[in-house]
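Q: Structure in structure tokens, see below.
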Amino acid sequence: MELEAIGKNEYELFFGPAHPGSGNFSVKLKIDGERVVSARADPGYLHRGFEKLMEYRIPIQNAVLSDRICVLEPLAWNLIHAEAVEELMGIEVPERAKYIRVIMAELSRIQSHLIWYGVLSIGTGFQTGFKLAFGYRDFILDLFELITGGRVYPTGYICPGGVRRDLPESAKERIPKVLDKIEKMIDFVRAENPANIARLRDIGVLKLEDAIRLGATGPVIRASGLKTDVRKDEPYEVYDRFDFEIPVRKKGDAYARFQIV
Amino acid sequence: MLEKEIIDKIEKKFEVEGSVQRERRVIVKIAPDKLVELCKFIKDLGFEHLSSLSVTDWPKRGIYEHTYHAWSYKDKILITIKTEINRDKPEIDSVYPVWGESAQIHEREMHELFGVEYKGNPDLSPLFLEEWHEKPPFRKDFDWREYVRKNFYDKENERERVYFERV
């Protein structure tokens, strides 16, 4: 940590880089005595400039590179990259590949939300929740290993034109089994937990107009009361053929976001 | 068709080249000095969410192409606004007064990576880079391989030689 005197009692304190559940991150604080006067975020520790890296490569190489954008949902990035290339090149994707993509995207979403719950648990001091979430996430990683060959990074499984290979025969049995297990875990997590409610209710309230102004999307804006979901609003792949509900909460606090995810 | 209606409304007020790309996709091209006015107009039409702001570098044509994507929660349509500015003296009016903080952070990033000056943006301080003295790193004429070779190549290390001398 560096200390640098700027005023009579004011100091600049470099706080971080730390990994507070959000990725590598540091804060530059201005401190007057023991009071924090201002804080500026420095999020640059993982910025790798993918746009520039992709300039030097062809789409089929970029399919693999797109994994690395984020640890939590490599398959979603695969999918987005593949769709962009397909639209530019006018490629039509086989029906079966579209369904496989949806299955993979949803599995990916579930494991990403599990991580979210794990990190939230650390934040509220509930270490068991962290272990629970990461333990159950591993069942999905096993499925990814079976289907794509990679546990976390699928090495461009969803690539322009479709997917790299078909689902293996045994996936048909294993996917529902894993989902049943995870559903039980989620029921357990959802159960009324006074400590959880006490820590989350009325914390970090984000009003709808603020959410829109700050450009919030997904579960965050749904917790603030806007019924929107890109899978419904602009169905990609074959999402328009599925019937599902969009959960919405009005309050916009941390507990509402917890209930949505 | 909703997409066509939106284009008509914009064309009545502004001089633009507009077209419907496909379902839920509308694209308009406009001169940079009319940009903020257009953005205000479409925000009132319901395009409340600025989902991205990006710059494309076209060195041969000598321009930076700005692309703004805005989403309408009401109509479920994504509008693309394109405008071109000079590449050597990149300056453009900020859309911060229109979309607020969500525009501010995008512009701050583009300022850092492409060196564009956004007039009216309150804070364009560096976001990711530290002690950067080169040209903006996302310009097409910035060669990152050369930069890495110059700054980080340890010539004593045989393993690194395999990577750096191969090119």
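Bear in mind these aren't lab numbers, they're just calculated from the coordinates by the rules spelled out. This structure is a prediction, so every number in the text was calculated from the model and none was measured. Note: ideal-geometry Cβ built from the backbone for every residue, glycine included; neighbour counts use all protein chains shown.
Q: Pop out the Kirkwood hydrodynamic radius of chain A from its pairwise C-alpha distances, inverse of mean 1/r, in Å to one decimal.
A: For chain A, inverting the mean 1/r across all distinct Cα pairs yields 21.0 Å.
Q: What translational D, rounded to a whole number of µm²/s, comes out for the range A:37-98 from Stokes-Einstein when the hydrodynamic radius is the Kirkwood one over Cα pairs, at 37 °C and 0.692 mPa s?
A: Reported coefficient: 241 µm²/s.
Q: Calculate, in nm to one decimal, what residue A:103 and residue A:58 gain on full extension: separation in residues at 0.36 nm each, minus their alpha carbon distance.
A: Full extension of this stretch gives 13.5 nm more.
Q: Counting only helical runs of four or more DSSP H residues, what would the 222 nm mean residue ellipticity of chain B come to if each run contributes -39,500 (n - 2.57) and the total is spread over all its residues? Show your work: numbers first, answer last.
A: Working: 6 runs with 57 residues, N = 167.
Result for chain B: -10000 deg cm²/dmol, rounded to the nearest 500.
Q: Compute the Rg to Rh ratio over the range A:3-46 from the alpha carbon atoms, using the Kirkwood formula for Rh, and round to two decimal places.
A: That ratio equals 1.05.
Q: Test of understanding: in a Gaussian network model of chain B with alpha carbons linked when under 10 Å, which of B:12, B:29, B:60 would top the mean-square fluctuation ranking?
A: Among B:12, B:29, B:60, the largest mean-square fluctuation in the Gaussian network model of chain B belongs to B:60.
Q: I've got another one for you. When only DSSP loop residues count, what trypsin sites (Lys or Arg not before Pro) in the range A:133-225 have their Cβ near at most 12 other Cβ atoms within 10 Å?
A: Of the trypsin sites (Lys or Arg not before Pro), the ones in loops of the range A:133-225 whose Cβ has at most 12 other Cβ atoms within 10 Å are A:165, A:207.
Q: Mind pulling up the Rg/Rh value for the range A:77-202? Radius of gyration and Kirkwood radius, both on Cα.
A: 1.07
Q: Helix-derived [θ] at 222 nm for chain A: sum -39500 (n - 2.57) over DSSP H runs of at least 4, divide by residue count, nearest 500? Write down the numbers at each step before the final one.
A: Numbers: 11 runs with 130 residues, N = 261.
One gets -15500 deg cm²/dmol as the mean residue ellipticity at 222 nm.
Q: Determine the distance separating the Cα centre of the range A:62-104 from the Cα centre of the range B:118-167; give it in Å without decimals.
A: 29 Å
Q: Express the C-alpha Rg of the range A:159-261 as a ratio against the empirical globular expectation 2.2 N^0.38 Å, rounded to two decimals.
A: Values: Rg = 17.6 Å, N = 103, 2.2 N^0.38 = 12.8 Å.
Expressed relative to 2.2 N^0.38 Å, the Cα Rg reads 1.38.
Q: Taking the Cα centre of the range B:1-140 as the origin, how large is its charge dipole in debye, to the nearest 20, when only Lys and Arg (+1) and Asp and Glu (-1) carry charge on their Cβ atoms?
A: Here the size comes out at about 580 debye.
Q: Take the Cα radius of gyration of the range B:2-130 and divide it by 2.2 N^0.38 Å, with N its residue count; two decimals is plenty.
A: 1.04
Q: Could I ask something else about it? Taking just the C-alpha trace of the range A:1-142, give me its Rg and Dmax in Å.
A: 21.0, 69
Q: Report, in whole Å, the centroid distance computed from the Cα atoms of the range B:15-35 and the range A:215-249.
A: For the range B:15-35 versus the range A:215-249, the Cα centre distance is 26 Å.
Q: To continue, here is another question. Most mobile of B:49, B:66, B:133 per a Gaussian network model of chain B (Cα springs, under 10 Å)?
A: It is B:133.
Q: Continuing with the same structure: Taking chain A as a Gaussian network, Cα atoms linked when under 10 Å apart, which of A:123, A:218, A:16 shows the biggest mean-square fluctuation?
A: Top of the fluctuation ranking is A:16.
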